[in-house]
1. Amide H neighbours of residue 65 under 5 Å, at least 5 residues apart or on other chains, H built in the peptide plane: list them.
2. Take the Cα atoms of the chain, find their three principal axes, and give me the spread along each one in whole Å, biggest first.
3. Among 72/124; 72/114; 16/124, which pairs are too far apart, with a Cα-Cα distance over 19 Å?
4. Projected area of the range 64-107, taken from the Cα convex hull and averaged over every viewing direction, in nm²?
5. Do you know the relative contact order of the range 163-239, to the nearest whole percent, from alpha carbon pairs under 8 angstrom that are 6+ apart?
6. Measure up 13/252; 154/194; 151/217; 154/178; 140/247; 151/247 against 28 Å on the Cα-Cα distance and list the ones that go over.
7. Can you grab the distance from the C-alpha centre of the range 212-253 to the C-alpha centre of the range 113-145, Å, no decimals?
8. For residue 187 and residue 116, compute 0.36 nm times the residue count separating them, minus their Cα-Cα distance, and round to one decimal in nm.
Amino acid sequence: MGNRVPMIAGNWKMFKTCPEALETARTLVSLTAGVSDVEIMIAPPFTALSGVSEITGPTGIQLGAQNLHWEKEGAYTGEVSGAMIYSAGCRYVLIGHSERRQFFGETDETVNRKIFAALDAGLKPVICVGEDESERDAEKTFSVLDKQMEKGLKGVLPDQMGSAVIAYEPVWAIGTGKTATPEQAQEVHEYLRKILAARFDDNVAAKTRILYGGSVKPDNISLLMALPDIDGALVGGASLDPETFFKIISHKT
Ligand code: 13P
C-alpha cells in the first residue's frame, strides 16, 4: 500500500558535543554501509550539523535539524532559519516535537508556520503529534490528534504533503520506558491515516509515512514495524549509541 519506504530516524535532542557527534556519525556510517531497504535519518544538535553532514553527505544517511524558525531571516536572536539548516546539509526538520510544545511554548499555530517555512526552504517536515498521559486517561487521544492535525496542517496542499512525514509520539511514552502497546500504536496510526485521507485524499494517506516514537528500543522495534500503518520510528535515547541504533535500523520483522 502506497510503497512507503520505511524510515528510522534518530533525534539526538540536546546531547553530544561536536567531537562526540562526529564520532557517532562515523561509526554509524560504517555500521550501516550495507543497508538499503530503509531510509536512515539523524537529527544532531544544530552545532554539529555541518560537521556531521561532511561525514554523512556521501552516504545514504539523511540529516535533519530538530527545529527551525518560521521567518526567513531577521533580528531573532538565538533562532535558526530553514535556509541555514538546509545549507548545513539538512533535508529534513523536526517540527512540533512535544518537548518544544511542553518547554518552549510551541503551539499548533507555530507548527503550522514552521511547516511552510520548511517547505519554502526545500526541507521535508517531520511533523510531531501526540497526546499526553492525562489526555489519554481522559480518552481524549483522538480529539487531541484531530486538533493538532487540523491546525498544524492548515492550508497545506496535497502535493506539499508529498515530502512530509508524520511522527506519532505519545508524550507519556517519551523517555519513560513505557512504549505504546502495538495495538495502541496501530490504532492511532490507522486513525492518523484516516485523518490524512479525509483532510487530503486517499493518495496522500497511502503515501505519507507515519513514524512511531516513544521508548523505541532494539527489543520492541520488530513488533512495531510489523504493524500495517507503522512506517518507521523516531528514536530518542536509543539513537545516541550507534550500535544500539544500528540494531533498530537492522531489525527483522
Ligand atoms: P525516546 O526514544 O528517548 O523515548 O524519545 C522519543 C523521542 O522523543 C524522539 O523524538
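1. Counting only residues 5 or more places away or on other chains, the set is 92, 93, 94.
2. Largest first, the chain extends 46, 44, 34 Å along its Cα principal axes.
3. Flagged as over cut-off: 16/124.
4. Taking a quarter of the hull surface, the average projection is 3.2 nm².
5. Reported relative contact order: 40 percent.
6. The pairs that break the limit, which is 28 Å between Cα atoms, are 151/217; 154/178; 140/247; 151/247.
7. 20
8. Length gained, residue 187 through residue 116: 22.7 nm.
Values quoted throughout were computed directly from the atomic coordinates according to the rules given, and no laboratory measurement underlies them. Everything numeric here is computed off the predicted structure, so don't read it as measured data. Virtual Cβ from ideal backbone geometry, glycine too; neighbours counted across all protein chains shown.
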